[in-house]
Amino acid sequence: MTHVLVPIFVCVVLPVSIVLIYFLSVMNSDNKRSQVLIKAIESNNCPDADKLAESLRKTKRSARELLNLRLLRGCIFSLIGLALIILGLVNYHSGHYEFGSDPVTVPLMFGSVSAAVGISYLIVYFVSRKQVDDKENKD
C-alpha cells in the first residue's frame, strides 16, 4: 500500500501544496499592502495616496536586468546540460553499452532538455540585446 501512496503524494500532493503556499503568500502580501493604504486613507495623514500606493508597488526590473538574468540562466542551464551529456557519454563508454540503461539514458535525457533550455535563453539574450542597446542609445 505504501508503494502506491508515495508516488501519489510526490506527484500530486506535493506540487499542489507548493503552488498553494506560493499563491497564499502572494495574496497575503497584497492584502497587507491594501491594509496599509486603507489605514493611510482613513487617517488622512497621507498627503498623496497615489505616491504611497506607487511606493508600495513591487519594483519592476529594468530591461538591462532582465537581459543579464537571461544570460545567467542561459549559461547555467547550458553548462548543466553539457555536464549531464558528458556524464551520460562517459557512462556509455565505461561499460554500460545499452542506451536503455539508467546510467546512460537519464543523464542524456535531462542533459539534452537542460541544454535546450539554456540555448533558448542564450538565443533570446542575443536577439534582445540588440533591441535593448538600440533603446538605450535613443534615450
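List of remarks:
- Residue match in region 79-92 (condition: in contact with a Lys or Arg (Cβ under 7 Å, 6 or more places away or on another chain) and either in contact (Cβ under 8 Å) with a residue 60 or more places away in the chain or within 30 Å of Val104 (Cβ to Cβ) (or both)): no
- For the condition within 29 Å of Ser128 (Cβ to Cβ), loosely packed, with under 10 Cβ neighbours inside 10 Å and modelled with pLDDT under 95, Arg61 does not qualify.
Conditions tested, residue by residue: (1) of a type in the set (A, V, I, L, M, F, W, C); (2) part of a helix (DSSP H, G or I); (3) more than 16 Å from the chain's Cα centre (by Cα).
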site	(1), (2), (3)
Ile85	yes, yes, yes
Gly88	no, yes, yes
Tyr92	no, yes, yes
Val104	yes, yes, yes
Leu108	yes, yes, yes
Gly111	no, yes, yes
Ala115	yes, yes, no
Gly118	no, yes, no
Tyr121	no, yes, no
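- Residue check, Ser25 of a type in the set (S, T, N, Q) and open to solvent by 60 Å² or more (accessible area, probe 1.4 Å): yes
The values are calculated or read from the model by the stated rules, or taken from the named source; none is laboratory data. These numbers come from a predicted model, not from an experiment. Glycine gets a Cβ as well: all are built from the backbone with ideal geometry, and neighbour counts include every protein chain shown. These area figures cover heavy atoms from the full protein model, side chains too; ligands, DNA and RNA do not enter into them. Shrake-Rupley method; radii C 1.70, N 1.55, O 1.52, S 1.80 Å.
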